[in-house]
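Chemist: Here's a structure for you.
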Amino acid sequence: MPSVAFLGLGAIGRPIAKRIAAKFPLVVWNRTADRAAAFASETGVRHAQSASDAAKDADVVVTCLSTSLDVEQLIGADLLRGLKRGAALLDCTSGDPATSRRIADKLAAENVAFVDAPVSGGVRGAEDGTLTVMCGGDANDLARVRPVIEAFGKKIVHCGPVGAGDAVKAMNQALLALTIWGTGEALVALSKLGVSAHVALEVINASSGRSNASMNLFPERVLTRAFPRTFKLALLDKDARIAAQIARDERVPAPLTQLAADLCTLARQELGEEADHVEAVKVIEKWAGAEVR
Ligand code: NDP
């Protein structure tokens with residue numbers, strides 16, 4: 001039974017950590033200490049005062065921060081001192097491949113394994129333990145951390161070497177951004193034309209234009225005007241920009257991926273750092289002078 005440390009109790013980190021706490025001995029840490037204290041009193045696990053203190057006895061250290069650069073910075077500032085030789089760092093951040101490769105090299109010099117393991121499925125998927133987890137790293141390292149991943153993941157896929165999980169996640173996110181934006185444009189135009197968005201979605205969701213955006217996000221969040229804040233637009237912007245960078249690095253002309261990144265950046269500037277990703281639709285509505293209804 002490996003002991004686990006969990007660093008980063010944000011919107012998705014918290015429910016992932018809760019599922020790990022139900023199966024493994026766990027110590028948690030969060031930059032804003034109040035959040036770790038609240039989690040500890042809710043679940044009965046220990047919360048540490050520093051990342052290195054949380055990690056010092058852990059066989060598997062899970063990170064779930066905003067960006068790979070945050071993970072790299074934390075390792076340099078404090079975490080590296082606490083990591084046990086022979087431990088593994090499982091990074092559930094939706095990261096960027098180049099930084100993950102740098103982190104993996106740095107940790108390898110200390111005999112610490114690294115697996116990038118970004119997730120998809122949202123807060124609800126984390127609560128239910130049904131996340132898709134896309135992993136990059138050595139197959140033996142993944143086998144070691146797999147029992148921990150199984151506490152919160154249902155579909156666990158080894159995508160390739162370090163960084164491959166990050167790359168698949170970034171491309172998935174660019175597709176998410178494109179389908180949100182495209183579905184938004186379609187439904188605003190149809191609303192203006194006089195076709196109800198409910199009727200339009202009834203057709204689209206039984207036709208070839210359907211997507212997670214049309215089947216789930218729009219019915220649950222846009223048509224209801226609920227726009228719950230579960231995944232920041234700022235993070236989708238970060239993801240789409242990683243995807244565009246990968247395409248550039250690989251010399252693949254990718255105008256749509258770049259457009260997804262540019263539209264996310266524009267919407268982020270318009271709506272602010274706390275806006276949810278689905279709120280991007282509000283920008284289309286503002287431009288058109290009409291709501292999806
Ligand atoms: P949040 O903004 O809710 O939380 C971010 C977490 O990272 C917080 O715990 C924050 O600490 C911590 N953090 C940020 N920067 C640093 C830093 N420099 N040093 C230490 N800690 C830091 O984000 P989410 O939980 O939503 O997302 C986390 C990751 O998971 C992101 O990469 C995101 O793209 C990805 N993701 C999110 C999903 C979602 O539905 N929310 C779904 C799939 C992936 P503090 O509390 O102090 O701010």
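The values are calculated or read from the model by the stated rules, or taken from the named source; none is laboratory data. These figures come from a predicted structure and were not determined experimentally. Quick reminder, even Gly has a Cβ in these numbers, built from the backbone with ideal geometry, and neighbours come from all protein chains shown. Remember, those area values only see protein heavy atoms, side chains included, never the ligands or the DNA or RNA. Shrake-Rupley method; radii C 1.70, N 1.55, O 1.52, S 1.80 Å.
Chemist: Around P97, with a cut-off of 9 angstrom between Cβ atoms, what is the net charge of the other residues, counting Lys and Arg +1 and Asp and Glu -1?
Modeler: Values: positive: R101; negative: D96, D116, D166, D249.
Net of charged neighbours comes to -3.
Chemist: Out of the DSSP beta bridges found with both residues in the chain, what percent are antiparallel (nearest 5)?
Modeler: Within the chain, antiparallel bridges account for around 15 percent of the total.
Chemist: Right, here's the next one. For a quick check of understanding: with a 1.4 angstrom probe and all protein chains in place, what accessible area in square angstrom does H198 have, to the nearest ten?
Modeler: 110 Å²
Chemist: Here's a follow-up. Which FRET efficiency value, to the nearest 0.05, is calculated for A98 and D57 with the Förster distance at 22 angstrom and r the Cβ-Cβ distance?
Modeler: Values: r = 31 Å, r/R0 = 1.41.
After rounding, the FRET efficiency stands at 0.10.
Chemist: Any chance you could check the Cα centroid distance between region 277-293 and region 91-105 for me, in angstrom?
Modeler: 34 Å
Chemist: Could you give the length gained on full extension between L256 and A143, defined as 0.36 nm per residue of separation minus the Cα-Cα distance, in nm? Can you show the working numbers first?
Modeler: Values: separation 113, 0.36 × 113 = 40.68 nm, distance 3.60 nm.
Extra length available between L256 and A143 comes to 37.1 nm.
Chemist: Here's a follow-up. Hey, got the dipole for the chain? About the Cα centre, +1 on K and R Cβ, -1 on D and E Cβ, debye to the nearest 20?
Modeler: 340 debye
Chemist: Mind scanning K154/K286; K84/K232; K23/K155; K18/K169; K106/K238 and naming the pairs with a C-alpha gap bigger than 29 Å?
Modeler: K154/K286; K84/K232
Chemist: Ok, one more. Can you check what the net charge comes to around G8, using other residues whose Cβ is under 12 Å from the Cβ of G8 (Lys, Arg +1; Asp, Glu -1)? Kindly include the intermediate steps, with their values, before the conclusion.
Modeler: On the way: positive: R14, R31, R35; negative: D70, D91.
Spelling it out: positives minus negatives among the neighbours equals +1.
Chemist: Can you compute 3J(HN,Hα) from phi for each residue in region 162-171, using the Karplus curve 6.51 cos²θ - 1.76 cosθ + 1.60 with θ = phi - 60°, rounded to whole Hz and x for Gly and Pro?
Modeler: 3, x, 5, x, 4, 5, 5, 4, 4, 5
Chemist: Apply the Karplus parameterisation 6.51 cos²θ - 1.76 cosθ + 1.60, with θ equal to phi minus 60°, to every residue of region 18-24 and state each ³J(HN,Hα) to the nearest whole Hz, in sequence, with x for glycine and proline.
Modeler: 4, 5, 5, 4, 6, 10, 9
Chemist: Quick one: compute the contact order of the chain, relative version, from alpha carbon pairs under 8 angstrom and 6+ residues apart, as a percent. The partial results should precede the final answer.
Modeler: Details: 547 pairs, mean separation 40.0, N = 293.
Answer for the chain is 14 percent.
Chemist: May I pose another question? When a/c reaches 1.5 or more, the comparison of a/b and b/c decides; with that in mind, is region 35-81 rounded, prolate or oblate per its Cα gyration tensor? List each step's numbers first, then the result.
Modeler: Values: a/c = 2.18, a/b = 1.54, b/c = 1.42.
Verdict is prolate for region 35-81.
Chemist: What 222 nm value per residue comes from the helices of the chain, counting each DSSP H run with n ≥ 4 as -39,500 (n - 2.57) and dividing by all residues, nearest 500 deg cm²/dmol? Could the numbers behind the result be given before it?
Modeler: On the way: 12 runs with 142 residues, N = 293.
It comes out at -15000 deg cm²/dmol, rounded to the nearest 500.
Chemist: Same structure again: Which one of A143, A48, A174 has the biggest mean-square fluctuation once the chain is modelled by GNM with Cα springs under 10 Å?
Modeler: Looking only at A143, A48, A174, the biggest GNM fluctuation is shown by A143.
Chemist: In addition: For the chain, give me every cysteine whose Cβ has no other Cys Cβ within less than 4.7 Å, ordered by residue number.
Modeler: C135, C159, C264
Chemist: Same structure, new question: What length, rounded to one decimal in nm, is gained on full extension from N111 through to V203, with 0.36 nm per residue of separation minus their alpha-carbon distance?
Modeler: Values: separation 92, 0.36 × 92 = 33.12 nm, distance 5.51 nm.
My answer for the length gained is 27.6 nm.
Chemist: In debye to the nearest 20, how big a dipole does region 1-125 give about its Cα centre with +1 on each Lys and Arg Cβ and -1 on each Asp and Glu Cβ? Can you show the working numbers first?
Modeler: Working: 15 positive and 13 negative charges, 60 e Å.
Computed about the Cα centre, the dipole is about 280 debye.
Chemist: Once you place label points 7 Å from the Cα toward the Cβ at A38 and D128, how far apart are they in nm?
Modeler: Placing both labels 7 Å along Cα→Cβ, they lie 2.5 nm apart.
Chemist: Enumerate the amide H contacts of V62 below 5 Å, restricted to partners 5 or more residues apart or on another chain; note that Pro and chain-start residues carry no placed amide H.
Modeler: Under 5 Å from the amide H of V62 lie the amide H atoms of A5, F6, L7, L90, each far enough along the sequence or on another chain.
Chemist: Whole Å is fine, so just give me how far the alpha carbon centre of region 158-206 lies from that of region 14-72.
Modeler: Here the two parts' Cα centres lie 33 Å apart.
Chemist: Compare D276, D59 by solvent-accessible area with a 1.4 Å probe and give them largest first, with all protein chains kept in place. Walk me through the numbers on the way to the answer.
Modeler: Working: D276 0, D59 55 Å².
Greatest to least solvent exposure: D59, D276.
Chemist: Loop-only trypsin sites (Lys or Arg not before Pro) in region 33-112, please: DSSP not H, G, I, E or B, and at most 15 other Cβ atoms within 10 Å.
Modeler: Those satisfying the criteria are R85.
Chemist: From zero up to wherever the largest Cα-Cα distance of the chain sits, split into 5 Å bins and tell me the percent of pairs in each.
Modeler: Percent of Cα pairs in each bin: 1, 6, 12, 16, 17, 15, 12, 9, 6, 4, 2, 1, 0.
Chemist: With a/c under 1.5 counting as rounded, go ahead and sort region 1-73 into rounded, prolate or oblate using the C-alpha gyration tensor (a ≥ b ≥ c being the square roots of the eigenvalues; past the cut-off, prolate if a/b is larger than b/c, else oblate). Walk me through the intermediate numbers first.
Modeler: Values: a/c = 1.41, a/b = 1.18, b/c = 1.19.
Since a/c stays below 1.5, the shape of region 1-73 is classed as rounded.
Chemist: With an 8 Å Cα cut-off and a minimum separation of 6 or more residues, compute the relative contact order for region 139-293 in percent.
Modeler: Working: 159 pairs, mean separation 46.5, N = 155.
About 30 percent, as a whole number.
Chemist: If you don't mind, there's one more thing I want to ask. Which of A234, A186, A55 moves the most in a Gaussian network model of the chain with Cα springs under 10 Å?
Modeler: With Cα springs under 10 Å in the chain, the top fluctuation among A234, A186, A55 is at A186.
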